[in-house]
Amino acid sequence: MSAHATTARLSAYLDRELPAPEARRVEEHLADCPHCRSELESLTRVVGHLRRLERSAPPPVLAGRVARHVAIERERRGHGSLVQRLERRLARFELDSPVFTTFAVVLALASILYLFSASLQVIEHRRIPVRVAAPGPPVLGPRAEAAGLTFELRRDVWWQLGLSEAIEVDETYLTNGPGGRWLLERHPDLGTLLGRGQVVVLRDDGGRVVAIMSVGSSSS
Amino acid sequence: MREMKAITMDAMPVGARDLDLVERHRYGDETAFEEIYDRFGGMVYNLAWRLSNDPEEAADLTQETFLRIHRHLGKFRGGSTLKTWIYRIALNHCRSRLGRKRVWQPLAEETERRLPDPRRGPEERALAHDAERRVAAALAALPSRYAEAVVLCDLEGLPYQEIAEVLGVRIGTVRSRIARGRERLRRVLEKAEGGR
């Protein structure tokens, strides 16, 4: 390197982003070039100024603002467009028309009858006995062992012994998500608990409280 | 006191955690989005602050960015990390809101008015505060392509490869933008310090 090093090269050297052979050539050049050494020092000062710029946490009220706007948007996307479509369609009818009133009453009655018959089918299905699960880890009354830990069943949730139901969960994994699948590959016996109780709550070795939630039917 | 046994999860890949958050969001778990804000709210806010040099503007930009994240989170497929994906959304929004029609201005006159009188006694904290304001103003006044690269490198601490993924450019371009950004800042700061 007989000419001076470019600013881009010195800048990348400063960031340790040059491949090793190129970095060595820059170092050899710097040893013999006061101009480039001065340039590098100058760049170092600029980077020093930048890295001393303060980092700030967002204002505490911002979390609430974001949550409120997200909730409004969720509401609008969930119901607003449907309401607008219905309003436009209803506007085509004369609302005091007897024909419309009769139609609305008939439609309401038909909806109620349909929902009632659908709920009867759900109740019928629930009467079908659930298949007995394959034998799993030993169940000690309302307790079970899995992943080397002891769990206690409380209201359909398997709690690691020692964890209170009042504790805040730090992280949740779904059994069909990548994190849930990763966990179940390493601790398959947790999957047997999830087949029975739907949710398992435990503490990891980082101190975080983790919940694993079964998604979908237990027969899947 | 008996120590509680625990399960080891440190080896879980970051990508798996990211995708889990997204899956939970798709299933309607509202706490998933709260976790995303907790993890990335500070990152987005500081990015917006340094590009705008205005804390109130940064708060608005952060709020709007997270609305966009909420709208599009279901489309995240893990092609990048969630962090990179969020950086891209934040930068795109900052670019469109801040309006990149600025002309490069070295702020020379304004800086000269703020220089402390050397005849006064040392006031190190005031000097440091002044220096920070000059640097912050100069950074926000850079052309956006340079400001973004410098912020991601020197303030966010990302390696060049990750900056390239966020900006959607080659590493050589990242190197060049960072260097040119620093060079422009150096000229501004040296002029403000008396033309060293």
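The values are calculated or read from the model by the stated rules, or taken from the named source; none is laboratory data. Because the structure is a prediction, the values reported are computed rather than measured. In this analysis, Cβ positions are derived from the backbone assuming ideal geometry, glycine residues included, and neighbour counts consider all displayed protein chains.
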> Taking helices (runs of 4 or more DSSP H) that do not extend beyond region A:1-74, which have at least 3 residues that are among the acidic types (Asp, Glu)?
Replying inline: A:20-32
> Within the set of pairs 6+ apart or on separate chains, which have a first residue in region B:129-147 that is within 12 Å of chain A (Cβ to nearest Cβ) and under 13 Å from A:HIS49 (Cβ atoms), a second that is surrounded by fewer than 21 Cβ atoms within 10 Å (Cβ to Cβ) and of a type in the set (S, T, N, Q), and C-beta atoms under 6 Å apart?
Replying inline: B:ARG134/B:THR111; B:ALA136/B:ASN53; B:ALA137/B:ASN53
>> With the requirement that a residue be more than 9 Å from every other protein chain (Cβ to nearest Cβ) and more than 16 Å from A:VAL66 (Cα to Cα), what does region B:45-65 give you?
In response: B:LEU47, B:LEU51, B:SER52, B:ASN53, B:ASP54
>> Among the residues of region A:82-93, are any farther than 30 Å from B:ASN53 by Cα, more than 14 Å from chain B (Cβ to nearest Cβ), modelled with pLDDT of 65 or more and assigned to a helix (DSSP H, G or I)?
In response: no
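Residues are listed down the side, and each one gets a yes or a no for (1) modelled with pLDDT under 70; (2) at the interface with chain A (Cβ under 7 Å from one of its Cβ atoms); (3) crowded, with 19+ Cβ neighbours inside 10 Å:
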residue: B:GLU3; (1), (2), (3): yes, no, no
residue: B:ALA11; (1), (2), (3): yes, no, no
residue: B:HIS25; (1), (2), (3): no, no, yes
residue: B:ARG39; (1), (2), (3): no, no, no
residue: B:MET43; (1), (2), (3): no, no, no
> Mind checking which residues of region A:16-32 are crowded, with 17+ Cβ neighbours inside 10 Å and within 40 Å of the chain's Cα centre (by Cα)?
Replying inline: A:GLU17, A:LEU18
> Within region B:72-92, can one find any residue that is in a helix (DSSP H, G or I), closer than 19 Å to B:ASP154 by Cα and of a type in the set (Val, Ile, Thr)?
Replying inline: yes
> Which one is nearest to B:VAL22 (Cα to Cα) among residues in region A:164-215 that are small (Gly, Ala, Ser) and either facing chain B (nearest Cβ under 7 Å) or assigned to a helix (DSSP H, G or I) (or both)?
Replying inline: A:GLY177
